[in-house]
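Participant: Take this structure first; my questions come after.
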Amino acid sequence: MKRIALKPLSPTAKRRLIVTVLVLIGLTVAYKVLYPLAFESYVGKTNAPLTYASSTALTKTEFEALAQELSTNARQRKAAAIVDTDQEPFARQVKIEMLMNTESFIRDTEPSHIKYFREAGIHRYEGPQTCLHCHATIQVTHGDGTVKNVDTLGDIVNSVHFKFQSESGGFSTYGYDGRQVNSGPHKIPVGKINRACGIPGSFTWTGWAALVASRPEHGEGEVTMRSEGCGQCHIGGNYQPATEKMMPIGDVPSEAKEGIDCLICHSTDYDMNERHVIQDDKGLRWNQDRSLRAALTVGPISSETCLRCHQHNMGGDAYLHNEAARSLGHINQRILHRGAKRGNPFSPHDDTHAASGIQCTDCHVPEGHKIPRGRKGVDLVANDIPTKDVTCESCHTQAPHNQSEHKALLNGHIARLACETCHIKELEAENVVLRDWVHPTWDSDEGLFEPTDIYRSGKPGKGFTFLWFNGNGTFLANALGNNPNGSDTYNPLMQQVARIDDPEMIAAVRSKATELKQQYPEIDVDAYVRMATDPLSQLSPEMLAKREAMIQNNLRAVMSQGESRIYPFKLFNAMMFEDMSNQGPFGAMILPFDYASYYETGDTPASVKKAIADPIVQRMYQEPFKLYMMDEFMSYFGITEGWKTVYPLVDGRLENVEPHWMRQMGTLMVNHGIQGKGRDCIECHSPDGIMNFRQLGYSPERVAELEDIDIIENLKEQPDSAAAQ
Amino acid sequence: MNALYLYSGWVRAWHWLNALLFLVLILSGASMHFAGAGWLLNFEIARPIHNVAGILVTIGWIGFVIGNLVTDNGRHYRVRLRGFFQRLFSQMRYYGYGIFQNEPHPFHPSAEMKLNTLQQLSYLGVMYLLMPVLILSGWAFLFSIYLPETLFGLGSVWVVAMTHLTVAYFLALFVLVHLYIITTGETLTSNLRAMITGWHREPDLETQPRSETQG
Amino acid sequence: MTNLALSGALLLTLIAVATPAASGSPATENKSCLRCHAMATLAYRDPGTGDIVDLAVNPHALSHSVHGEIDCIDCHEGDFGRYPHPADAANETLSCVGCHEKDDTKDDTKDDTKDNIARFKSIDAEYAESVHATSDSAEAEGFSCHSCHDPHGFRASQVGEEIAAIVRDDNQVCLSCHEKVRDPLSDPHAWLPNREKHWNAVRCLDCHTPLSDNGKTVSHQVLKAEDSNRDCVNCHSRESSLLNRLYQYRSEEDLATKGWLNKAVFNDAYVVGMSRNATLDLLGLIVTGLTLLVLAAHGFGRYKAYQRTKGKPE
């Protein structure tokens, strides 16, 4: 065996080694320092160190006083819940105080972080770094039972709650081209971050944080500043969403990570009044509650903490029991969003699970900071754990009905109906179905121009409809599925979600259009009603033919996958400005509004111009963006010719931009607001029932059978059936 | 008398272990293949024996390959093209004709070249062609649950089985011939002895006896 | 050869019987029953036991089952005419024997499946010996034909069906109760070499019933674990009992097309010891024999040459 001796390097080798090391160092510096700077200037977004007024240092005495107060409050609350109420108030008070000062009660009730902070000498909450002081890593239990230690910050930065998008597979969304989103080799980041949508009227880059000067009538001309924007509900505290995460390389800068609002989810005493827009020399961003009070009351995640943001998209801001909507801000109060996105609240008043103390995370069982939204998803919202189920059956089994005499028959319905179909009877009346962003209305109380909700309803057949659903959805949120009989007549994209037939709805739209005409004389009421209720009328005959062909060729197979059941779906459509250069059979690229100018002036074209002047929208209309994601995006969108980089703003004028309704209504899943008692048989099984069996793809004979009320009459005749209930 | 140290310790150890395993494998393999024929081993006994022996043969084969890579034993398997056919032919002529005429061996092993061309070729074929196929198909049997359902349109286990069986027949044949050929040395047992002691002895070579130590 | 002829005859009968069932719709009488009972999730949770009682009947399985041609009310004679059914209707006794009678009058007891109606005579006798009947375990209580044979879906395996599918479907019946068998921690099959392969390739019954004669269906005498067949050679040999049990379902057609390659490539299966390729074996033995002969002759020649040198003076 030969031994290889280490020889001193020759001068050339030495030189080569030094050059290599220098190049590597250079590349690292470029990646870490120059790339972020270049990226920031390319997309026109800012990152800077963040400070918050509520993050103040307390002296030891102040800390102890606060600890005392929080401990007393917690014990007071818990004791009051235990001591019976049916007694002399004074006697009760004495008992509560006795209980509060019991040694074991103090030990078990005092917010745990008081002790931790005291021992660690923490007298100021400084954001994530304070949390990471102890929680640098967390144990995550995965669905298959494996336990892993993960880096806490990395876990949250890569969660959908932070990124609002995902560029991995696992989407149950299919493009109108028939391809499952991100199932192929070319994966693009998709999710809320880049999904323009007609409900908020803008998207995260152009609508992250806005300060709006309102002029409420009762203020007699005085200007009140209001806060608005997507960032109010999102945990990043910086000047923009996590745009950096959309690139295959690079990371969110550490300043931005320091802006993560841990406490909005983890604290029980978080003050939502701190959640408003603030302006500093770098721009606008959302404030947070970083007080020691909030930090000391960190506790287990509960429905209350989730609902600070999520009641907004369930019950809505105008929902009576939306707690967060009562704390709109100490200053710059948040603008309430009227017209609910779903109108199905999760609260003890309107949901049987909430009433029985079930917490959000009981069904949406998290794995670390990744939270599942279930395998079925009709919209293009990213899912942290797309393989994890969130279902009724996981608790209720396949035979959930035990009360009724007809329990077997009720259970029998589960093969075809989702639980929600019977157990969500109505949505909130605030549920918005048609929203006109192009013709805003002046709200004199708020002193703002607001988008006009042409139609709101929570009634079945109006605010929501019933569709077959196998868990798949289209790129523009249309539920996909098919009648298990293999029907080829079920075609919601040409029927249920593409037109409004209900005469009451049409009349309501007409009356609203007539009302709008007062303000906007150019409105032709008949044309307006037709566009809103028959959005397909906006398509040319060629486009219409192409649409039908795409449905048959690309979507039929996706509709027939798996097992479909009938689910309720909230309906929604919006009139917005569209970039007609990028129009397809299902809609065109909608253009965002700039919130401040929209709310203040109601000059909608001006507001669009301002929004699309945003650097990132300009980038969107350039070649790199086209190649990186927009062509793929358009293909999913049903536009086969690729993304046209014809920037719609030329010399301050909008070019080839028209106001339109999307060519069909979006359908949003509703899964909360569950009622213990379901529908009566007759609500569906009658000739004028809430379900249109014919449109659901049943044969005429089967429709007659399903609408036959004799069988229900028979059920009622049973004398003992009422007693058995 | 001339003596050459041809077979180092590891080669001999490997050879005899391999020989033993071959016999065990042939016996246990046949016992399974011809199960129920009323002779040979019990199926239940033959199976674990065959599996264990097969695994050991695999380890041995890997050891052999590595051994040939790291020691200079490997050079004996390097085919020298110069005069190849002439050497091959003279060796064949010897076995087919000369041996009956009591002609002298055409080939004299040396430290540089211990195998005659015919030997070299057959060992190459056996060790680097048949053995890998046999070992791979054997392991495919062991993990047949992970095989795809079909291979080339046939049941994959069937393909594996037929491959294994065919190669096994070839190797059994090789063993027979090999056993016979070792008797064709200077004396009936001189080749056998060489593989036991490591020393190859020839009576009338002019060079001095020399010994080599392996490094 | 008899085996082939027999299965051929069986095939013909089956085709004759199966055709009307496959083409005809389920009896019209069934429609009103199936209006509810076709709901796949028609079930309730028994308040007594907490178990889910399944009331669903798969109309497709029913119409393709051995009972596909008969009406619901032929068996269910209770007062099911209206919904809700009267409470006592649940206690009905099923009238199986009306069809599956023990035909003592004729001397055709050798063939239980005459007229394609399983008569219970020999089945009864076999079942009486079965571990399902003799066990005094609490789990075996209430065991009946229906525990294995779903009357709404049962159909006998047929010649030409894919063997793997037969194995899967048959074993599913056993596994629906014996789920612990597949528990890796308490598996009584740990001794079985290549366990997974066996599970996918043979039916539980192939080992857990007594060996039966050629052409007969597998016995209903399911054996206790300790009495079950553990002798590998029963299958792993040329006279494999699998040939007239599981592989009786292999189709003539398959045999005909694949026979030239290997008579034992039944549905592409290979069974060690059973699937012997006669040609290959013969070829192997002939070549081996020839080699031995050549070597012997060579040796003899050398011996002669050796003798010549001895005879020659040096």
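Participant: Do you know which of the residues in segment C:163-197 that are crowded, with 16+ Cβ neighbours inside 10 Å and within 14 Å of chain B (Cβ to nearest Cβ) is modelled with the highest pLDDT?
Facilitator: For segment C:163-197, the residue satisfying everything is C:VAL167.
Participant: Quick check: is even one residue across segment A:425-434 touching a helix residue (DSSP H, G or I) at 6+ places or on another chain (Cβ under 9 Å), away from every other protein chain (no Cβ under 14 Å), surrounded by 20 or more Cβ atoms within 10 Å (Cβ to Cβ) and touching a residue at least 60 places away in the same chain (Cβ under 8 Å)?
Facilitator: yes
Participant: For residues that are part of a strand (DSSP E or B) and touching a residue at least 12 places away in the same chain (Cβ under 8 Å), tally how many sit in segment A:435-469.
Facilitator: Of the residues in that region, 24 qualify.
Participant: Residue by residue through segment A:12-68, note down the ones that are assigned to a helix (DSSP H, G or I) and hydroxyl-bearing (Ser, Thr, Tyr).
Facilitator: Of everything in segment A:12-68, those that are assigned to a helix (DSSP H, G or I) and hydroxyl-bearing (Ser, Thr, Tyr) turn out to be A:THR12, A:THR20, A:THR28, A:TYR31, A:TYR35, A:SER41, A:TYR42, A:THR61.
Participant: Ok, one more. Does B:TRP61 satisfy the criteria of being hydrophobic (A, V, I, L, M, F, W, C), facing chain C (nearest Cβ under 10 Å) and surrounded by 17 or more Cβ atoms within 10 Å (Cβ to Cβ)?
Facilitator: In short, no.
Participant: Among the numbered criteria (1) modelled with pLDDT of 95 or more; (2) surrounded by fewer than 16 Cβ atoms within 10 Å (Cβ to Cβ), which one does A:PRO492 miss?
Facilitator: For A:PRO492, the failing item is (2).
Participant: Restricting to segment C:57-68, name every residue that is surrounded by fewer than 15 Cβ atoms within 10 Å (Cβ to Cβ) and in a loop (DSSP other than H, G, I, E, B).
Facilitator: Answer for segment C:57-68, where residues must be surrounded by fewer than 15 Cβ atoms within 10 Å (Cβ to Cβ) and in a loop (DSSP other than H, G, I, E, B): there is none.
Participant: Could I ask something else about it? Right, C:ALA278: out of contact with any Asp or Glu (no Cβ under 6 Å at 6 or more places or on another chain), more than 9 Å from chain B (Cβ to nearest Cβ) and under 23 Å from B:HIS50 (Cα atoms) or not?
Facilitator: yes
Participant: Across segment A:169-210, what is the number of residues that are hydrophobic (A, V, I, L, M, F, W, C), within 22 Å of A:PRO451 (Cβ to Cβ) and modelled with pLDDT of 90 or more?
Facilitator: So the count comes out to 3.
Participant: Mind listing just one residue for me: the one in segment A:410-424 that is outside any loop (DSSP other than H, G, I, E, B) and among the small types (Gly, Ala, Ser) and, of those, surrounded by the most Cβ atoms within 10 Å (Cβ to Cβ)?
Facilitator: A:GLY412
Participant: Identify, by number, the condition in (1) away from chain C (no Cβ under 14 Å); (2) out of contact with any His (no Cβ under 7 Å at 6 or more places or on another chain); (3) in a loop (DSSP other than H, G, I, E, B) that A:ASP362 doesn't meet.
Facilitator: Of the numbered conditions (1) away from chain C (no Cβ under 14 Å); (2) out of contact with any His (no Cβ under 7 Å at 6 or more places or on another chain); (3) in a loop (DSSP other than H, G, I, E, B), the odd one out for A:ASP362 is (3).
Participant: Residues to consider are A:ARG338, A:ARG373; find the one that is of a type in the set (Lys, Arg) and over 30 Å from A:GLY154 (Cβ atoms).
Facilitator: Among A:ARG338, A:ARG373, only A:ARG338 is of a type in the set (Lys, Arg) and over 30 Å from A:GLY154 (Cβ atoms).
Participant: If I go through segment A:46-90 residue by residue, how many of them are among the hydroxyl-bearing types (Ser, Thr, Tyr) and closer than 13 Å to A:MET100 by Cα?
Facilitator: Of the residues in that region, 2 qualify.
Participant: Out of the residues in segment B:176-202 meeting the condition of being more than 14 Å from every other protein chain (Cβ to nearest Cβ) and modelled with pLDDT under 80, tell me which one is surrounded by the fewest Cβ atoms within 10 Å (Cβ to Cβ).
Facilitator: Here the answer is B:GLU202.
Conditions tested, residue by residue: (1) in contact with a Pro (Cβ under 6 Å, 6 or more places away or on another chain); (2) more than 20 Å from A:HIS337 (Cα to Cα); (3) buried (at least 22 other Cβ atoms within 10 Å of the Cβ).
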position: A:ARG556; (1), (2), (3): no, yes, no
position: A:TYR567; (1), (2), (3): no, yes, yes
position: A:GLU578; (1), (2), (3): no, yes, yes
position: A:PHE586; (1), (2), (3): no, yes, yes
position: A:TYR598; (1), (2), (3): no, no, yes
position: A:THR601; (1), (2), (3): no, no, no
position: A:LYS609; (1), (2), (3): no, yes, no
position: A:PRO615; (1), (2), (3): no, yes, no
position: A:GLN618; (1), (2), (3): no, yes, no
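Participant: Would a scan of segment C:72-94 turn up a residue that is in contact with a Gly (Cβ under 7 Å, 6 or more places away or on another chain), farther than 26 Å from A:ILE414 by Cα and away from every other protein chain (no Cβ under 14 Å)?
Facilitator: Within segment C:72-94 (the criterion being in contact with a Gly (Cβ under 7 Å, 6 or more places away or on another chain), farther than 26 Å from A:ILE414 by Cα and away from every other protein chain (no Cβ under 14 Å)), the answer is yes, since at least one residue qualifies.
Participant: For A:PRO49, state whether it is under 30 Å from A:GLN618 (Cβ atoms), surrounded by fewer than 15 Cβ atoms within 10 Å (Cβ to Cβ) and either among the aromatic types (Phe, Trp, Tyr) or at pLDDT below 90 (or both).
Facilitator: yes
Participant: Say we look at segment A:393-424 and pick out the residues that are more than 10 Å from chain C (Cβ to nearest Cβ) and at pLDDT 95 or above; which of these is farthest from A:GLY673 (Cα to Cα)?
Facilitator: A:ALA418
Participant: Within the bounds of segment A:249-268, is there any residue that is under 20 Å from A:GLY316 (Cα atoms), at pLDDT below 95 and assigned to a loop (DSSP other than H, G, I, E, B)?
Facilitator: No, there is no match, as no residue in segment A:249-268 is under 20 Å from A:GLY316 (Cα atoms), at pLDDT below 95 and assigned to a loop (DSSP other than H, G, I, E, B).
Participant: Please identify the pairs in which a residue from segment A:210-231 that is in the same structural domain as A:THR243 (by TED's automatic domain parsing) and surrounded by fewer than 16 Cβ atoms within 10 Å (Cβ to Cβ) has its Cβ atom under 9 Å from the Cβ atom of a residue that is part of a helix (DSSP H, G or I) and charged (D, E, K, R), counting only partners at least 6 apart or on another chain.
Facilitator: As it stands, the answer is A:ALA213/A:GLU600, since those pairs meet every condition given.
Participant: Report the residue count in segment C:31-66 for those that are more than 14 Å from A:PRO400 (Cβ to Cβ) and at the interface with another protein chain (Cβ under 7 Å from one of its Cβ atoms).
Facilitator: 4
The values are calculated or read from the model by the stated rules, or taken from the named source; none is laboratory data. All of these numbers come straight from a predicted model, not from anything done at the bench. A quick note on method: Cβ atoms are made from the backbone with ideal geometry, for glycine too, and the neighbour counts reach across all protein chains shown.
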